[in-house]
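Novice: The structure's right below; bear with me while I get my questions together.
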Amino acid sequence: MRSIHDSGYKKLFSNVTIFRELIETFVHETWVKDLDFTDCETIDKSFIADHYKETESDLIYKVKFRGHDAYLFVLLEFQSSVDRFMALRVLSYVTGFYMDYAQAEQNVRTLPPVFPIVLYNGDRRWTAPVTFSALLEDAAILGKYAPRFQYLKVAEQEYSKEELLAIRNIVSTLFLAETHYDRDLLVQECVNIFQHEDDRQAVSLLLNWFRQLMEHGRFRAGDYDDLEQVYQESEE
């Protein structure tokens, strides 16, 4: 199932509508309101191939921030156990990105902002430190010279059913299905999405995700048939 989640989630969040919902709904930072998703796009990693090691389930988006390029790095994490050294791992991706960016753009004097996000959908509580300094044996010895780095953790299981139902978009419905499975609630939320979401590709991707789960025994066939029927009715 890990490969299904890796490729399936990557395909879902490669859709700009779904990605934008993730950022605007689950990233509670003041600068989010200044992002311009009009020309938001995933970037070709070929120009950062020397140092940056691509995982199967990562995305880098280029988004305009106050008229300048910003990069949102999303690592979609689907391992069965929590990786204690995730902060080190993400830091290596970010520094690798910067190394190759600096080599590719030799005339630049500054580096663009990169915001790292780890999206986790495992069953266990995420206990790994989100800061790099927490991994050091005694960061206090280094004082101001201790590396400062932190990633944003979005752990699906940490959101209650009530919180997700209050949001009512594609991403919250996805989290709801993964962590608080309830057939009637899921149908109700999907009806709302099918009727009100203008991006039909995003809707189709969500339905296809449920179909993939059904084919791999993670979603009851009868429940999927109900969702597909609701979808067809909304399209008609």
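The values are calculated or read from the model by the stated rules, or taken from the named source; none is laboratory data. A quick note: this is a predicted structure, and the numbers were derived from the prediction, not measured. With ideal geometry, Cβ positions are generated from the backbone for all residues, glycine too; neighbour counts draw on all protein chains shown. These accessible areas exclude ligands, DNA and RNA; they are computed on the full protein's heavy atoms, side chains included. Shrake-Rupley method; radii C 1.70, N 1.55, O 1.52, S 1.80 Å.
Novice: Counting just the residues of the range 55-75 that are modelled with pLDDT of 90 or more and among the hydrophobic types (A, V, I, L, M, F, W, C), which one comes out farthest from residue 13 (Cα to Cα)?
Specialist: 65
Novice: If I filter the range 175-188 for residues that are within 19 Å of residue 24 (Cα to Cα), out of contact with any Asp or Glu (no Cβ under 7 Å at 6 or more places or on another chain) and either of a type in the set (Phe, Trp, Tyr) or open to solvent by less than 10 Å² (accessible area, probe 1.4 Å) (or both), do I get at least one hit? Quick ask: steps written out before the conclusion?
Specialist: Residues of the range 175-188 within 19 Å of residue 24 (Cα to Cα): 175-176.
With out of contact with any Asp or Glu (no Cβ under 7 Å at 6 or more places or on another chain) added as a condition, the list becomes none.
No, the range 175-188 has no match at all.
Novice: Quick check on the range 19-54: of everything there that is assigned to a loop (DSSP other than H, G, I, E, B) and modelled with pLDDT of 90 or more, which residue is most open to solvent (accessible area, probe 1.4 Å)?
Specialist: Filtering the range 19-54 for residues assigned to a loop (DSSP other than H, G, I, E, B) gives 27-29, 43-44, 49-54.
Filter once more, keeping what is modelled with pLDDT of 90 or more: 27-29.
Numbers: 27: 6, 28: 148, 29: 86 Å².
The selected residue is 28.
Novice: Checking residue 78 against (1) of a type outside the set (S, T, N, Q); (2) modelled with pLDDT of 85 or more; (3) farther than 14 Å from residue 112 by Cβ, only one condition comes out false. Which one?
Specialist: That leaves (2) as the condition not met.
Novice: Being among the aromatic types (Phe, Trp, Tyr), at negative phi and modelled with pLDDT under 90 is the requirement here; does residue 151 meet it? It would help to see each step written out before you state the result.
Specialist: Values: among the aromatic types (Phe, Trp, Tyr): yes; at negative phi: yes; modelled with pLDDT under 90: no.
Taking the combined requirement at face value, the residue does not satisfy it.
Novice: Consider residue 140 carefully, then state whether it is more than 29 Å from residue 83 (Cα to Cα), surrounded by fewer than 12 Cβ atoms within 10 Å (Cβ to Cβ), hydrophobic (A, V, I, L, M, F, W, C) and free of Cβ contacts under 8 Å to residues at least 60 places away in the same chain. Don't jump to the end; show me each part of the working.
Specialist: Numbers: more than 29 Å from residue 83 (Cα to Cα): no; surrounded by fewer than 12 Cβ atoms within 10 Å (Cβ to Cβ): yes; hydrophobic (A, V, I, L, M, F, W, C): yes; free of Cβ contacts under 8 Å to residues at least 60 places away in the same chain: yes.
The answer is no for residue 140.
Novice: Read through the list (1) in a helix (DSSP H, G or I); (2) without any contact (Cβ under 8 Å) to a residue 40 or more places away in the chain; (3) over 26 Å from residue 16 (Cα atoms), then give the number of the only condition that residue 165 fails.
Specialist: For residue 165, the failing item is (3).
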